[in-house]
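Visitor: Attaching a single structure in structure tokens format; questions to follow.
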Amino acid sequence: MNLNILVLPGDGIGTEVTREAVRVLRVVAEKWNHQLTLREGLLGGIAIHKTGTPFPAETEKLSLEADAVLMGAVGLPEFDEWPPEKRPERGLLGIRKAMGVYANLRPVKSYKALLESSPLKNHLVDGVDMIIVRELNSGIYYGTPRGIYEDGPEPRACNTMAYTWSEIERVTRVGFELARKRRKKLTSVDKSNVLETSQLWRRVVVEIAKEYPDVQLNHLLVDNAAMQLVLNPKSFDVMVTENMFGDILSDEGAILAGSIGMLPSASLGAKKPSGAWTGLYEPVHGSAPDIAGQNKANPFGAIGSVAALLEYSFGLTEEAAAVNRAMEQVLGSGRVTADLKPAGTPATTEEVGEAVCNAL
Ligand code: NAD
């Protein structure tokens, strides 16, 4: 298969973890005989330095030409005081919009070697393996009218949560398709006892469910979902929810895994004729200026993003599973970075990347 991938290392530890993720990608390509075409582009602070803008037109062009995009992280402290529209982080919004990605996937998985790092009791976390699918393009973060109004007797602020049928339908389909390939269980999270947007959400999900009779569907109100995530996280397979609920629940899910450096993510857009998704893949963490340039960053989130890229944008499930197994093997061996608090001397970013390549 020809894997045509754009790599956007970005800033800080983004460059360090991406280097290891690309190494893993090269080993996969060699081992399974895929033709790997890698191009590299600028995004974030480095793009501002080199071109004056966080999301240069050239990067947009390259991202639309690629089959999938692998990103590191963006953000540099020197831009902290800059207005939001000029900061490196604006590059993220730019590329998500340009690629039309509307479903953000965050796998939440427990690893035996990391059970002690989780804030929950071992028996609750051991065996957790779920994906949270968050709607990424609509809802209260985008709805209008919005603003702070100072023209009345006292200041007033307003945001609008709005959804169309098709916005709900396309993300619901991602949830069902994922569930179909896993344990066939989809939980839709809403607040339909109070919100009209949630009532429409539930109507759409129930309608689409008719096309997926093999998937068991259940509905949870978001307050209950927040509770069940810590009471019984193993009960979930795939969860699908709107933008703000997903934002909050996915961070709650994130802490179950132990360290932010462990977490991959995938943002998916339209399906291509081949059945694969347009996708942007990145670790959940930021550019971590406090440890940047020290070869200390945990590359598992970035390497896990490679596994997601292989699975969702190329349908290479065997290769993706092999990358996940290799990561698990390295985790089990204790050759991990300082954030995972190994018993002996912590490994460097590079050493962990090399260990995963060797395990593969
Ligand atoms: P951060 O995720 O960069 O760091 C938070 C803490 O976690 C830090 O102590 C850091 O050292 C640690 N950490 C993060 N990733 C790690 C890894 N792989 N291995 C070991 N430790 C890790 O979040 P922050 O400090 O709030 O933000 C720093 C910059 O990153 C800011 O400019 C922010 O806007 C940006 N940011 C970017 C993204 C992104 O690119 N998607 C996401 C979040 C934050």
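Visitor: Quick one: if you stick a label point 7 Å off each Cα along the C-beta vector at Arg173 and Met244, how many nm between them?
Guide: With each label point 7 Å from Cα toward Cβ, the separation is 2.7 nm.
Visitor: Once a ≥ b ≥ c are taken as the square roots of the eigenvalues of the Cα gyration tensor of the range 1-121, is the result rounded (a/c under 1.5), prolate (a/b larger than b/c) or oblate (a/b not larger than b/c)?
Guide: Since a/c reaches 1.5 but b/c is at least a/b, the shape of the range 1-121 is classed as oblate.
Visitor: Label points 7 Å out from Cα along the Cβ direction at Cys158 and Met227: separation in nm?
Guide: Inter-label distance under the simple model: 3.4 nm.
Visitor: Turning to a different aspect of this structure: Express the carbon and sulfur contribution to the solvent-accessible surface of the range 59-206 as a percent, rounded to the nearest whole number, probe 1.4 angstrom.
Guide: Its accessible area is 53 percent carbon and sulfur atoms.
Visitor: Quick check: convex hull of the Cα atoms in the range 38-91, volume per residue, rounded to a whole Å³? Before the final figure, lay out each step's value.
Guide: Numbers: hull volume 4.0 nm³, N = 54.
Taking only Cα atoms, the range 38-91 has a hull volume of 74 Å³ per residue.
Visitor: If I take every Cα pair under 8 Å that is 6 or more residues apart in the chain, average their sequence separation and divide by the length, what percent do I get for the relative contact order?
Guide: Details: 774 pairs, mean separation 76.7, N = 360.
The value is 21 percent.
Visitor: I need the shape label for the range 119-257. Rule: rounded when a/c is under 1.5, else prolate if a/b > b/c, else oblate, with a, b, c from the alpha carbon gyration tensor.
Guide: In terms of gyration-tensor shape, oblate.
Visitor: Same structure again: Return a whole-number percent for the relative contact order of the range 119-257, with Cα pairs under 8 Å and 6 or more residues apart as the contact set.
Guide: Values: 217 pairs, mean separation 51.9, N = 139.
In percent, rounded to a whole number, it is 37.
Visitor: ³J(HN,Hα) across the range 128-135 via Karplus (A = 6.51, B = -1.76, C = 1.60, θ = phi - 60°), whole Hz, x for Gly/Pro?
Guide: 5, 7, 9, 10, 9, 9, 10, 5
Visitor: How much length is gained on full extension from Asp214 to Asn4, taking 0.36 nm per residue of separation minus their Cα-Cα distance? Spell out each step's value before the answer.
Guide: Working: separation 210, 0.36 × 210 = 75.60 nm, distance 3.37 nm.
Going from the current span to full extension adds 72.2 nm.
Visitor: Same structure again: If one computes P(r) from the Cα atoms of the chain, what percent of pairs lie at distances over 32 Å?
Guide: 32 percent
Visitor: Can I ask one more? Under Stokes-Einstein, with the Kirkwood radius over Cα pairs standing in for Rh, what whole-number D in µm²/s applies to the range 248-360 at 25 °C and 0.890 mPa s?
Guide: 165 µm²/s
Visitor: Ranking request for peptides 281-287, 28-34: highest mean number of other beta-carbon atoms within 10 Å first, then the rest in descending order.
Guide: Ranking the peptides 281-287, 28-34 by packing returns 281-287, 28-34.
Visitor: Can you name the helices of the chain, as whole DSSP H runs, whose Cα span along the helix axis is 18 Å or more and whose Kyte-Doolittle mean is not below 0.5?
Guide: 300-314
Visitor: Hey, another quick one. Treating only the Cβ of Lys, Arg, Asp and Glu as charged (+1, +1, -1, -1), what charge dipole size does the range 119-257 show about its Cα centre? Round to the nearest 20 debye.
Guide: Working: 17 positive and 20 negative charges, 133 e Å.
Approximately 640 debye in magnitude.
Visitor: What's the ranking of 129-136, 145-152 by average number of surrounding C-beta atoms within 10 Å, highest first?
Guide: In descending order of packing, they fall as 129-136, 145-152.
Visitor: Quick check: pseudo-label points 7 Å beyond the Cα along Cα→Cβ at Glu81 and Glu150, how many nm apart are they?
Guide: Result: 2.2 nm between the two label points.
Visitor: Which lysines have a Cα lying under 21 Å from the Cα of Lys185, excluding residues fewer than 8 positions away in the same chain?
Guide: Cα-Cα hits under 21 Å: Lys109, Lys210, Lys234.
Visitor: What accessible area per residue comes out for the range 119-257, rounded to a whole number of Å², with a 1.4 Å probe?
Guide: 49 Å²
Visitor: Of the peptides 224-233, 324-333, how do they stack up when ordered by the mean number of other Cβ atoms within 10 Å, highest first? Before the final figure, lay out the partial values.
Guide: On the way: 224-233: 16.2, 324-333: 18.6.
Ranked by mean Cβ neighbours within 10 Å, highest first: 324-333, 224-233.
The values are calculated or read from the model by the stated rules, or taken from the named source; none is laboratory data. The shown structure was predicted, so the numbers you read here are calculated from the model rather than taken from an experiment. With ideal geometry, Cβ positions are generated from the backbone for all residues, glycine too; neighbour counts draw on all protein chains shown. To get the accessible areas, we keep the full protein, side chains included, count just its heavy atoms, and leave off ligands, DNA and RNA. Shrake-Rupley method; radii C 1.70, N 1.55, O 1.52, S 1.80 Å.
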